[in-house]
Amino acid sequence: MLTVFHTADWHLGQSFCGFDREYEHRCFLNWLLAELQSQRPDALIVAGDVFDTINPSAVAQKRFFNFLADAHAALPRLQIVLTAGNHDAGARLEAPAGLLDSLNISVVGTVGQDTAGNIDLSKFLIPLRDHAGRVQAIAMAVPFLRPSDVPLAKNAVDPYLDGIQELYRRTTEAAVLLRAKLNPDAALIALGHCHLHGGEESRDSERQLVIGGAEAIGPDIFDPQIAYVALGHLHRAQQFDNGRIRYSGSPIPLSFAEAGYRHQVVKLTFINTQLTATDEIPIPRAAMMLRIPASGAALIDNALSQLEGLNPDESLPLEQHPFVEVRILEEGPDPLRRRRIEQALDGKPLRLASIKVESPEREAVAGQSTAVSDQVDLKTIDPEDIFKDAYREKYGNDPDSRVLNAFREILLLEARG
């Protein structure tokens, strides 16, 4: 039997609307270490996006390496497998691989090549052992794949997507051969940092993997021989193929769109070649996120009333003050909006992170659009007409005289150079 923890998308070092998340990440890693000590799994898998940027801060790196050192000191037999995500600098992540190997930690950040110039599939293959030292699984630790990383597939329709499928096919074949040598009853576990077709994503915090958005792969890319596929990239915890393929989800919400997500670590149990049990271990929330209103948007006076009615726990330390996003339904510009919102929150243990202004639904203004085609002489277009058009498009009504006068002053200043 083999037990494995699956997690991903830590995004250490994230700056959230100008606020540091170090406290929340520290709470998560302390909690994870305690869970590892309590449940004593054989392995921990981290499927990409360890850091939030390719140049993480010294604080974020220190937090990461301290966790690895603490985990090894507490559980010397624990195997840790980490892969790079699209937010990580793969080469930097695996730079201390020689040192980490001595701590039973395997890092795969890049796609390597052998002396013949072929993809080095052996780099991806990591045997996982139980507490007795017997190989019970082969991890296929594939990092985030860029177009230049994948092999050329025969009769490829999409060189990138078909190349990903070809790489996993070759890696699975190599894993099967290694399994035959080490233990024919070992399970195959694939790692990936990718976007699966049908997966629910958060556009606020999940960067498109390939420009154009045509990066989604199908679940059939993973051979049926693979007992479990541990994925990273999508921050919502979700599963496919009856739980054989899973995103563990991020440990903390990385945007307000993720405030309602379930944050968890997945505990997996394998007996021989089969996944026999999955347990979702909820992660405690270290700092809350509040949206005002809870759904949709509100007119400014209504939103201010809701903010003034908030009674958060005043005993909370600063790093636990809830983040607040205010969504305003507005029909025109309001230069005092932010000041009024800040006044409503003054003295409350809350952190104003975001103000979003949303325009009301409006009927199209027929016949008032200034259409500009390639054949129109730009000199014949009145800038004020274009401004009015844009204003109607955004706010659903005509600009008043004050706004128009301000626009005309800008035009006059521009004309004077």
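For residues in the range 328-362 being among the acidic types (Asp, Glu) and more than 30 Å from Leu316 (Cα to Cα), which is surrounded by the most Cβ atoms within 10 Å (Cβ to Cβ)?
So, considering only residues that are among the acidic types (Asp, Glu) and more than 30 Å from Leu316 (Cα to Cα), the one surrounded by the most Cβ atoms within 10 Å (Cβ to Cβ) is Glu330.
Could you pull out the residue among Glu331, Glu363 that is part of a loop (DSSP other than H, G, I, E, B), among the acidic types (Asp, Glu) and at pLDDT below 60?
So the residue among Glu331, Glu363 that is part of a loop (DSSP other than H, G, I, E, B), among the acidic types (Asp, Glu) and at pLDDT below 60 is Glu363.
Identify, please: which residue in the range 84-103 is assigned to a loop (DSSP other than H, G, I, E, B) and among the acidic types (Asp, Glu) and is, among those, surrounded by the fewest Cβ atoms within 10 Å (Cβ to Cβ)?
Restricting to residues being assigned to a loop (DSSP other than H, G, I, E, B) and among the acidic types (Asp, Glu), the top hit is Glu94.
Of everything in the range 143-190, what is surrounded by 15 or more Cβ atoms within 10 Å (Cβ to Cβ), in a loop (DSSP other than H, G, I, E, B) and out of contact with any helix residue (DSSP H, G or I) (no Cβ under 9 Å at 6 or more places or on another chain)? Give them in sequence order.
Within the range 143-190, Asn183 is the sole residue that qualifies.
Sort out which residues of the range 38-60 are in contact (Cβ under 8 Å) with a residue 12 or more places away in the chain, farther than 18 Å from Leu268 by Cβ and either over 13 Å from the mean Cα position of the chain (by Cα) or not assigned by TED's automatic domain parsing to the domain that holds His131 (or both), and write them in order of number.
Once the filter is applied, which keeps residues that are in contact (Cβ under 8 Å) with a residue 12 or more places away in the chain, farther than 18 Å from Leu268 by Cβ and either over 13 Å from the mean Cα position of the chain (by Cα) or not assigned by TED's automatic domain parsing to the domain that holds His131 (or both), the range 38-60 yields Ile54, Asn55, Pro56, Ser57, Val59, Ala60.
Restricting attention to the range 274-287, report how many residues are under 16 Å from Ile226 (Cβ atoms) and either at pLDDT below 95 or surrounded by fewer than 17 Cβ atoms within 10 Å (Cβ to Cβ) (or both).
3
Would you mention how many residues in the range 104-132 are at pLDDT 95 or above and assigned to a loop (DSSP other than H, G, I, E, B)?
Adding up the residues that qualify gives 6.
Which one is surrounded by the fewest Cβ atoms within 10 Å (Cβ to Cβ), of the residues in the range 308-327 that are within 17 Å of Phe256 (Cα to Cα) and hydrophobic (A, V, I, L, M, F, W, C)?
Phe323
When the range 334-360 is examined, which residues are found to be part of a strand (DSSP E or B) and either at pLDDT 90 or above or hydroxyl-bearing (Ser, Thr, Tyr) (or both)?
Arg351, Leu352, Ala353, Ser354, Ile355, Lys356, Val357
Mind checking which pairs have a first residue in the range 237-262 that is assigned by TED's automatic domain parsing to the domain that holds Glu22 and assigned to a strand (DSSP E or B) and a second that is at pLDDT 95 or above and charged (D, E, K, R), Cβ under 6 Å, 6 or more apart or different chains?
Between residues of the range 237-262 that are assigned by TED's automatic domain parsing to the domain that holds Glu22 and assigned to a strand (DSSP E or B) and residues that are at pLDDT 95 or above and charged (D, E, K, R), the close pairs are Gln239/Arg246.
Please go through the range 302-317 and pick out each residue that is of a type outside the set (S, T, N, Q) and without any contact (Cβ under 8 Å) to a residue 24 or more places away in the chain.
Gly309, Pro317
The values are calculated or read from the model by the stated rules, or taken from the named source; none is laboratory data. All of these numbers come straight from a predicted model, not from anything done at the bench. Heads up, the Cβs are rebuilt from the backbone with ideal geometry, glycines too, and the neighbour counts pull from every protein chain shown.
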